[in-house]
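Have a look at the structure below before the remarks.
The values are calculated or read from the model by the stated rules, or taken from the named source; none is laboratory data. Since this is a predicted model, take the numbers as computed values, not measurements. Cβ sites come from the backbone with ideal geometry, for glycine too, and all protein chains shown count toward neighbours. Keep in mind that these areas ignore ligands, DNA and RNA; they rest on the heavy atoms of the full protein, side chains included. Shrake-Rupley method; radii C 1.70, N 1.55, O 1.52, S 1.80 Å.
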Amino acid sequence: MFRTTRHRLGYRKKREYFHDGYASKSGIVVWLQRFVMVVLVIVLMVFLMLLGDVVHADENYQQLPQVNLQDVSEGSLLLRTGKPGMYQQVPILHSDVDMRISGMIMRARIKQSFRNPGQEWVEGIYVFPLPDQAAVDHMRMHIGDRVIEGVIKEKQEAKRIYEQARREGKKAALTEQERPNMFTNSVANIGPGETVVVEIEYQQVLRYDQGKFGLRFPMAITPRYIPGKPVSENITVTGTGWAKNTNQVPAASRITPPVYQGRGKINPVSLRIELDVGYPLLEVKSLYHRMAQRKHGVGQITLTLAEGDVPADRDFELVWTPDVGHAPKAALFSEKIKGEFYHLLMVLPPEQGAEGGQPMAREVIYIIDTSGSMSGTSIEQARRSLLMALSRLRPRDRFNVIQFNSTTDLLFSQVREANQRNLRRAQRYVRDLDANGGTEMAPALTAALKGQGESQYVRQVIFLTDGSVGNESALFDLIKQHLGQSRLFTVGIGSAPNSYFMRKAAQYGRGTFTYIGDVREVNEKMAALFTKLESPVMSDLDVQFSNGVQVEAWPKRVPDLYHGEPIILAAKTSTAGEKVIIKGMRSLAPWQATLNMTQGRSGEGIGVFWARSKIAALIDSVHEGADKTKVREEVINVALTHHLVSRYTSLVAVDVTPTRPQNASLDSHALPVNLPQGQNYQKIFGQLPQTATPAELHLLIGFVLLLLVWLIMHYRLFARITGEHDK
Amino acid sequence: MNRKRLGYVLLIAALVIAGTWQIGQGLYIHAKALLAQELLENAWLKTRNGEQRATPWPWADTWPVARLSVPSQNISLIVLAGDSGRTLAFGPGHNFGSATLGENGNSFVSGHRDTHFRFLEYLQPGDRVYVDTPQGQRKVYRIEQASIVEAGEAWVESEPQTSRLSLVTCYPFESIVPGGSQRYIVSAVEVNPQPDQSELFKGNPEYNPF
């Protein structure tokens with residue numbers, strides 16, 4: 001039909017015929033009239049759809065290309081051989097987490113079930129995060145009804161014991177620390193269809209800040225950026241990760257578990273928390289997971305996940321606020337182990353508002369991480385936070401903005417006054433920030449810390465990042481070296497920031513840290529940070545125990561306290577002790593508090609807390625120039641005494657009877673982990689950029705449209721339609 | 001009647017404007033690609049004279065990192081730092097995460113299939129590709145192979161002993177709609193910079209045997 005019509009339209013003579021036909025309103029002409037209208041409408045609709053597509057493609061074209069090959073620095077191209085069923089033979093993992101909170105300490109038990117769905121004997125290796133102050137002191141392997149208790153050993157020795165059991169076909173489990181907030185569980189010889197459960201226990205001290213208690217349980221690891229050049233593999237034992245060991249990150253392959261790319265999420269977790277704090281509560285809030293609450297009594301609440309298991313793809317955070325008038329101001333918990341007394345001391349200095357008179361002008365350097373791992377929701381959180389931070393500057397302050405990914409870029413070559421013009425430029429700069437590329441942090445930190453100017457400015461560096469780097473230690477050194485009069489404040493961004501980096505970088509930077517895990521939190525959390533930045537600091541803190549008591553207290557030097565932060569100290573004493581005197585200075589006014597040690601409550605886990613604090617302090621001392629071998633020795637000593645996993649000690653459990661037949665082989669599998677929520681695989685591992693322009697599409701659409709115009713005008717169909725109405 | 005006529009005129013006008021605008025958009029992309037390369041020459045000169053990150057225009061967020069030439073195709077392009085969409089509009093972009101151009105490792109350079117890297121389609125194994133570094137060195141690469149990959153399924157593996165060059169563009173070449181998932185990758189390896197006799201016949205503008 002269509003062809004016929006077109007044919008007819010091709011002749012001018014016929015047009016007359018049509019005209020006549022039209023005038024006489026013959027059925028054919030009416031039909032034709034409608035037909036043309038329909039065709040035109042369809043063409044227009046298609047055009048609009050295509051246009052939408054082009055606009056959409058254009059957006060992609062802005063975002064998608066920002067990808068990079070940061071996981072590896074060089075090499076040849078490989079094709080991924082894996083198909084969707086790639087991980088079928090990999091053991092399947094399920095975790096049950098049980099937490100008990102009392103006093104200042106949280107104790108958690110995590111049961112990881114490794115189920116082997118395949119036909120082969122396998123070894124499962126799972127890299128998982130824990131809080132950076134976690135003290136892992138127990139590991140048990142459950143095989144059916146039998147339970148084998150893990151023992152603490154020096155790291156290499158533990159590894160040897162595990163390897164031997166693995167070879168002999170015995171079931172064995174090994175818990176190792178990769179980073180203070182990253183651990184590996186290995187389970188050897190899981191038979192076809194079998195399930196082996198590895199149970200670990202850890203404890204941590206709660207965070208108490210600005211009147212709120214907080215607990216963070218990390219569930220995902222943002223893929224770490226590994227700087228440096230790959231080192232030859234035969235030098236080091238490699239792990240199971242996607243990254244090669246490099247000169248800057250020697251164990252890179254151990255901290256980069258494979259990332260699951262299939263549909264949906266894996267690694268389900270169940271979570272149950274018993275809160276028993278003894279004071280009435282104003283509010284209990286889980287920030288990122290819906291929890292069902294059941295109250296038992298004053299300060300006693302049981303929380304469980306409201307919707308059952310959740311995938312391990314973002315950090316869990318619980319915050320609770322004591323009721324008005326019940327916020328603890330000081331607390332002392334003591335535990336007696338083998339004739340020695342261990343204490344946990346918490347003192348919250350009284351609050352003090354902003355200083356009278358004009359606070360000093362500030363010089364603020366904002367560093368924002370725009371690496372690939374910040375893409376998605378993280379960069380949005382960071383941008384908003386930074387914009388809010390800019391709005392808090394006063395005209396006499398000075399500032400600069402530094403962004404970094406693979407390279408570092410400064411907004412201004414030097415700090416500038418916070419006048420309207422400069423602020424507007426900064427806002428524009430921040431709004432345009434986009435996340436892609438590597439995480440070369442060192443140049444950005446150096447740029448921020450160097451060039452410290454006049455002392456009439458309070459110099460503050462605010463660092464917004466997810467901290468997803470593998471070379472933490474080198475960065476801490478750098479911060480310590482270049483800090484000068486600056487103070488460094490870390491803002492952990494995203495659903496799974498590197499908590500170890502956040503805390504330690506702030507510690508070495510003599511500042512404090514905060515977390516933002518959702519755009520909705522930006523206002524509240526940044527406001528809390530500003531209160532700290534703008535309130536006087538409690539410094540020169542000193543803790544003295546009454547005479548005649550031998551004391552070993554950690555940390556050795558109490559860090560400066562920002563608004564709303566308590567002193568938390570671990571001490572070991574030879575006798576029960578009498579008194580503790582705490583002194584400090586705040587804006588040149590001395591402050592002092594006395595605590596009566598005989599009134600301390602007895603608490604569990606205080607010895608472990610002390611040992612963990614000591615290990616942390618010892619490891620830190622390496623950055624201050626302490627001898628590495630000596631530190632190692634001391635750490636091993638403390639860790640073995642208190643049964644703790646550390647950088648130099650691991651827990652290992654071995655079953656006595658071999659179960660794997662000698663002729664059966666053992667497949668080793670690294671268990672994949674979820675990419676943290678809101679992150680984009682393409683941006684982090686993402687490979688190749690978008691390399692087509694919509695130019696030809698534009699041209700094509702353009703020509704089609706003009707052709708259409710020509711057709712319409714040539715045949716003046718519409719003119720005749722209107723002509724008809726003239727009559 | 002007048003309303004109908006007005007509607008007609010408006011429709012025609014809208015179509016003409018939309019069509020012209022679309023054609024303009026298409027031409028703009030090509031014009032930008034061509035013009036930018038000219039503007040980049042100046043920045044490249046500065047780079048050759050030792051200036052770090054010589055941006056071609058003050059607000060640019062990229063800078064020249066190398067010159068890429070393919071005598072057999074009469075191609076000479078300035079490669080830019082980074083391969084974000086903004087950068088690729090002006091010239092082929094070097095991926096930050098990959099090896100520095102001209103050094104050991106695998107360097108990735110991406111370009112648009114319909115502008116700068118249209119020529120990739122016509123490259124043959126054995127063809128020579130030259131990379132001029134900012135330090136004035138000329139590295140010669142021999143094309144080994146071309147492969148078609150899914151963008152999401154390709155990655156780079158460590159191989160620090162040799163210097164490789166990977167040129168990437170979208171595939172298929174004829175496709176009109178952008179945003180496809182396939183990539184065409186031409187892989188080249190560094191060779192001894194002995195001039196290949198065959199180049200004489202391929203019209204290498206820079207090869208003069210006399």
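Taking the DSSP beta bridges in the stretch A:304-427 as the whole, what percent of them are antiparallel, to the nearest 5?
Just about 65 percent of them are antiparallel.
Once you average over the residues of B:74-86, how many Cβ atoms of partner chains fall within 10 Å of each Cβ?
So the per-residue partner count for this stretch is 4.
Sort A:490-500, A:169-179 by the packing proxy (mean of other Cβ within 10 Å over each peptide's residues), most packed first.
A:490-500, A:169-179
Under the Karplus relation 6.51 cos²θ - 1.76 cosθ + 1.60, θ = phi - 60°, what is the ordered set of whole-Hz ³J(HN,Hα) values for the stretch A:549-555, x standing for Gly and Pro?
Residue by residue, the stretch A:549-555 yields 10, 7, 10, 10, 10, 10, x Hz.
Of all DSSP beta bridges in the stretch A:361-533, what percent run antiparallel (nearest 5)?
Of all bridge pairs located within the stretch A:361-533, approximately 15 percent are antiparallel.
Which percent of the accessible heavy-atom area of the stretch A:361-533 goes to carbon and sulfur, probe 1.4 angstrom?
Carbon-and-sulfur percentage of accessible area, whole number: 45.
Can you tell me how much longer the chain between B:R118 and B:I148 gets when fully stretched, taken as 0.36 nm per residue apart minus their C-alpha distance, in nm with one decimal?
Between B:R118 and B:I148, full extension yields an extra 9.3 nm.
Have a look at A:S186, A:G169, A:I148 and report the one farthest towards the positive end of the charge dipole of the stretch A:116-217, computed about the Cα centre with Cβ charges (Lys/Arg +1, Asp/Glu -1).
Farthest towards the positive end: A:S186.
In peptide A:709-715, how many Cβ atoms from other protein chains are near each Cβ within 10 Å, on average?
Per-residue shielding by partner chains comes out at 3.
Only four residue types carry charge here, +1 at the Cβ of Lys and Arg and -1 at the Cβ of Asp and Glu. Report the dipole size of the stretch A:361-533 about the Cα centre in Debye, rounded to the nearest 20.
Magnitude of the dipole: close to 740 debye.
Rounded, prolate or oblate for the stretch A:393-455? Axes are the square roots of the Cα gyration tensor eigenvalues, ordered a ≥ b ≥ c, and the cut-off for rounded is a/c under 1.5.
It is oblate, given that a/c is not under 1.5 and a/b is not larger than b/c.
What is the stretch A:264-306 by shape, rounded, prolate or oblate, if you read a ≥ b ≥ c off the alpha carbon gyration tensor as root eigenvalues and call it rounded for a/c under 1.5, prolate for a/b larger than b/c, and oblate otherwise?
Prolate is the answer for the stretch A:264-306, as a/c is 1.5 or above and a/b outweighs b/c.
Using a cut-off of 17 Å between alpha-carbon atoms, which aspartates and glutamates can reach B:K46, once sequence neighbours fewer than 8 places away in the same chain are excluded?
In chain and number order, the partners are B:E38, B:D61, B:D132.
Step through the table entries A:K155/A:K450; A:K295/A:K329; A:K285/A:K532, compare each Cα-Cα distance with 32 Å, and write down the pairs that go over it.
A:K155/A:K450
If you average the C-alpha positions of the stretch A:180-200 and of the stretch B:24-60 separately, how far apart do those two centres end up, in angstrom?
Cα centroid to Cα centroid, the span is 56 Å.
Just the Cα atoms of chain B, one point each, no solvent: what log10 I(q)/I(0) does Debye give at q = 0.09 Å⁻¹?
Each listed q maps to, in turn, -0.41.
So how do A:569-581, A:606-618, A:628-640 stack up, highest first, on mean other-Cβ count within 10 Å?
Ranking, from highest mean packing down: A:606-618, A:569-581, A:628-640.
Rounded, prolate or oblate for the stretch A:361-533? Axes are the square roots of the Cα gyration tensor eigenvalues, ordered a ≥ b ≥ c, and the cut-off for rounded is a/c under 1.5.
rounded
In Å² (nearest 100), what accessible area is buried between A and B, both sides summed, heavy protein atoms only, 1.4 Å probe?
Interface area, both chains combined: 5800 Å², rounded to the nearest 100.
Please list, in order along the stretch A:426-434, the HN-Hα scalar couplings obtained from phi with the Karplus expression 6.51 cos²θ - 1.76 cosθ + 1.60 (θ = phi - 60°), rounded to whole Hz, x for Gly and Pro.
5, 4, 5, 4, 5, 4, 7, 5, 9
Kindly express, to the nearest 10 degrees and within the range 0 to 90, the angle between helix B:2-48's C-alpha long axis and the longest C-alpha principal axis of chain B.
20
Ranked highest first by average number of other Cβ atoms within 10 Å, how do B:88-95, A:127-134 line up?
B:88-95, A:127-134
To the nearest 20 debye, what is the magnitude of the charge dipole of chain B about its Cα centre, counting +1 on the Cβ of each Lys and Arg and -1 on the Cβ of each Asp and Glu?
In total the dipole reaches around 1000 debye.
Enter the mean number of other protein chain beta carbons within 10 Å of the beta carbon of each residue in B:168-178, as an integer.
Counting Cβ atoms of other protein chains within 10 Å of each residue's Cβ and averaging gives 5.
Amide H neighbours of A:L271 under 5 Å, counting only residues 5+ apart in sequence or on other chains, H built in-plane at 1.01 Å?
Under 5 Å from the amide H of A:L271 lie the amide H atoms of A:V97, A:L305, each far enough along the sequence or on another chain.
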